[in-house]
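Everything on this sheet refers to the single structure shown next.
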Protein chains: 2
Amino acid sequence: MNITKALADENRVRALLALRQGELCVCQITELFGLAPSTMSKHLSVLYQAGLLESRKNGRWVYYKLPGSEAPLAVREATRWVQRSLADDPKVTEDAERLKKVLKMDPAELCKKQCGA
Amino acid sequence: MNITKALADENRVRALLALRQGELCVCQITELFGLAPSTMSKHLSVLYQAGLLESRKNGRWVYYKLPGSEAPLAVREATRWVQRSLADDPKVTEDAERLKKVLKMDPAELCKKQCGA
DNA sequence: ACTATGTTTCGCCACAAGTCGAAGTATAAT
DNA sequence: ATTATACTTCGACTTGTGGCGAAACATAGT
């Protein structure tokens, strides 16, 4: 049942939907939602432990993405349901817009969180 | 998103699955889970407000049941997902067993909750 | 009208969950 | 080795949620 608990938080569902466009690293998702890195990391961890995300480490960066077709049926159907039923939420469409801007700035936005910004 | 929040609680999911067998009145579901009537009523209310249950009042009794095919797509698919993915949970199968016993005692079990039991 | 019964609402408490900042870990760069 | 960076874990705080009992509400029976 940890799938349903993982989907109970709005920020987690929005993060899941943001990953429709492909894999993202933690700092990009953090920038997208404006939460503290530690908070976003926790959310992604919850989704990962529920099986709803896959992760990949490349150097210092950790990338998360939606699971592929090898995932359990419960996971695939839950993901599909979220995408079909919640993708029209205004917050989600706004996220998609903001994500475009985040994807344009690559190395600069990384220090923003650590430095004064 | 209140569908995902409604499904986040284990007792609510189990109640939803218990209703596969047909409509039940509040006192039957309360008896099935051994929770306080007020608690169970709240849970059913959450499910109802998420659109995951329909309710019918007959005299003093309130019956809840799963929604029919006229329900929104998001609701139907969520219900289908819960049934496909979580029906094998041991707690759910135990609930089904206990429900059989609850369905046999009709008027007697009603006073149990009010009286000393 | 009064009582009994099934359900809901309200107040309250205990515990879980979300959030942040600080400290810790891992990897890369100099 | 030291420093910097991307992320995670930890500790503390605040908010949210599930639980109960008491009271309120609705309906039926007498």
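The values are calculated or read from the model by the stated rules, or taken from the named source; none is laboratory data. A quick note: this is a predicted structure, and the numbers were derived from the prediction, not measured. Methodologically, a virtual Cβ is constructed for each residue, glycine included, from the backbone with ideal geometry; neighbour enumeration extends over all protein chains shown. Surface accessibility is based on the protein's heavy atoms, side chains included, excluding ligands, DNA and RNA. Shrake-Rupley method; radii C 1.70, N 1.55, O 1.52, S 1.80 Å.
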Give me the accessible area buried between chains B and A, both sides summed, with a 1.4 Å probe, in Å² rounded to the nearest 100.
1600 Å²
Using a 1.4 angstrom probe and counting only protein chains, how large is the accessible area of B:LEU24 in Å², to 10?
10 Å²
Nearest 10 degrees, 0 to 90: what angle lies between the long axis of helix B:90-104 and the longest principal axis of chain B (Cα atoms)?
40 degrees
Counting only other residues whose beta carbon sits under 13 Å from that of A:PRO67, what net charge do I get with K and R as +1, D and E as -1?
+1
Which value, in Å² rounded to 10, gives the accessible area of B:PHE33 with a 1.4 Å probe and all protein chains present?
30 Å²
At 1.4 Å probe size, with no ligands or nucleic acids counted, give the accessible surface of B:TYR63 in Å², nearest ten.
50 Å²
Per-residue Cβ counts within 10 Å, from other chains only, averaged over B:77-88: what number is that?
4
Value of relative contact order over chain A, rounded to a whole percent, pairs C-alpha under 8 Å and six or more apart
30 percent
Kindly sort A:ARG56, B:ARG14 by accessible area of their heavy atoms, largest first, with the probe set to 1.4 Å.
A:ARG56, B:ARG14
Copies of A:VAL62 compared via label points 7 Å along Cα→Cβ give distances in nm, shortest first, of 4.4
How many angstrom lie between the C-alpha centres of the range A:16-47 and the range B:40-76?
34 Å
Taking chain A as the reference, fit the longest principal axis to its C-alpha atoms, fit the long axis of helix A:73-86 to the helix C-alpha atoms, and give the angle between the two in degrees, 0 to 90, nearest 10.
70 degrees
Quick one: pull the percent of accessible area on the protein assembly as shown belonging to carbon and sulfur, 1.4 Å probe, ligands and nucleic acids left out.
52 percent
Taking Cα atoms, the helix A:37-49 axis meets the longest principal axis of chain A at an angle in degrees (rounded to 10) of 20 degrees
Greater than 24 Å apart at Cα, pairs in A:LYS42/B:LYS5; A:LYS91/B:LYS65; A:LYS101/B:LYS5; A:LYS5/A:LYS91
A:LYS91/B:LYS65; A:LYS101/B:LYS5
Taking each label point as 7 Å beyond Cα in the direction of the beta carbon, state the distances from A:LYS104 to the same residue in the other copies, shortest first, in nm.
7.1
Label point 7 Å beyond Cα along the C-beta direction, distances from B:ALA36 to other copies (nm, shortest first):
3.4
Could you pull the Cα extents of the protein assembly as shown along its three principal axes, largest to smallest, in whole Å?
71, 37, 31
Accessible surface, chain A, averaged per residue in Å² (probe 1.4 Å):
54 Å²
